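The values are calculated or read from the model by the stated rules, or taken from the named source; none is laboratory data. Everything quoted here is computed from the prediction, not taken from an experiment. Here the Cβ positions follow ideal geometry from the backbone for every residue, glycine too, while neighbour counts run over all protein chains shown.
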Amino acid sequence: MTAVNGEIHIHVEEQGENDPSLVFLHYWGGSSRTWSHVIDALASAWRTIAVDLRGWGLSDAPQEGYALADFADDVERVIMARGLTNFVLVGHSMGGKIAQLVASRQPEGLAGLVLVAPSPPTPLGLPPEVRAGMEAAYASAASVAATIDQVLTAKPLTEDQRRQVIEDSLRGGAAAKIAWPRYTSQEDISTAVSAITVPVLVIAGECDRVDSVLTLETELLPRIPQAGMRVLAGTGHLSPLESPGEIAGLIRTFIAALP
C-alpha cells in the first residue's frame, strides 16, 4: 500500500525494473488485475506499476472524494512515492480520462500517454435512465454478468476472466460505484487536455459500445492534435482482457518510437 495523502491508502502491483516505467490505470469497475495479461507481456522489458484506484480493488474506499482531480492527485502521489523520473501513463476507460487530466498537468518525467478505450474529455452524455442503469450494473453477480455480455465485451472472456470482472465489480466501494455515472463522467476537461504535450497513442475497440471509435474521433482526437489512433478488430470495451496481446504490441511499438 502507498499512503497518498496521509489518510487514503492506494494498492499498487509492481513488476520489472527498466525505464520508462509504465503506470496502468483501470476502468470503472476494474482493478490493477484488469491489466495482468498486458503486463505479463511487458514486465520483462519495463517496470510496470498497476494502481487500484481509490474505491476499487484493495485500495481504501472513502465515502467521498471521487472527482477526477481526486483520482489524479492519487496517481501523482503514487508516481512521486515511487520516485518515477521517466514514465508512460496507460489508462483504460475511466482510467483513460484520469490519465488525460494527469498528463495535462505536465508532471515531470512523463514521456508518453497511452489511452485504451478512453472516456473522452467531454462530459458523457447519458439520459437519466441510462445513468440509473449504470448505477445498478454492479449490484449483483447476475447484473455484472449481464453488463459483461450486453455492454462491455465483443469477444467472449474466459471463465477466469469473467470471475475476475465480477469479483472486481462487486468489490468496489458503494460511493465509487455511483460516482462515475452520477458526476465524475460528466466532468469536462476538454480545455485542460490541450496542455498535453507528450506523444499520445489512442487504442480503440472496433466493436466498443461504451467509448466508440466515432466518439473518440469526434470528442478526443481533435483536442489532442498529436494523438494517433489504432483500432483493434472485433474488440469491445474490455480490450485489456479481450485483446491483451495486441495492446501489448502497440505499447511496445509506441515506446520504441518515443524521443
- How many residues are within 18 Å of residue 240 (Cβ to Cβ) and either in a strand (DSSP E or B) or of a type outside the set (A, V, I, L, M) (or both) if we restrict to the stretch 84-114? 13
- For the stretch 136-179, how many residues are exposed (fewer than 15 other Cβ atoms within 10 Å of the Cβ), outside any loop (DSSP other than H, G, I, E, B) and in contact with a helix residue (DSSP H, G or I) (Cβ under 7 Å, 6 or more places away or on another chain)? 2
- Item | Options 202, 198, 231, 210: the member that is in contact with a Ser or Thr (Cβ under 9 Å, 6 or more places away or on another chain) and of a type in the set (A, V, I, L, M, F, W, C) | 210
- Item | Yes/no for residue 243 being under 25 Å from residue 54 (Cβ atoms), of a type outside the set (Val, Ile, Thr) and crowded, with 18+ Cβ neighbours inside 10 Å | no
- Run residue 23 past the list (1) in a loop (DSSP other than H, G, I, E, B); (2) of a type in the set (A, V, I, L, M, F, W, C); (3) under 13 Å from the mean Cα position of the chain (by Cα) and report the number of the one that doesn't hold. (1)
- Can we say residue 73 is more than 19 Å from residue 241 (Cα to Cα), assigned to a helix (DSSP H, G or I) and touching a residue at least 60 places away in the same chain (Cβ under 8 Å)? yes
- Message: Considering only residues that are farther than 23 Å from residue 218 by Cβ and either of a type in the set (Ser, Thr, Tyr) or in contact with a helix residue (DSSP H, G or I) (Cβ under 7 Å, 6 or more places away or on another chain) (or both), which ones fall in the stretch 106-135?
- Response: 106, 107, 110, 112, 135
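Hey, among 118, 123, which residue is touching a residue at least 12 places away in the same chain (Cβ under 8 Å), buried (at least 23 other Cβ atoms within 10 Å of the Cβ) and not in a helix (DSSP H, G or I)?
The unique qualifying residue is 118.
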- Task: Would you mention how many residues in the stretch 1-36 are modelled with pLDDT of 95 or more, surrounded by fewer than 18 Cβ atoms within 10 Å (Cβ to Cβ) and in contact with a helix residue (DSSP H, G or I) (Cβ under 7 Å, 6 or more places away or on another chain)?
- Result: 1
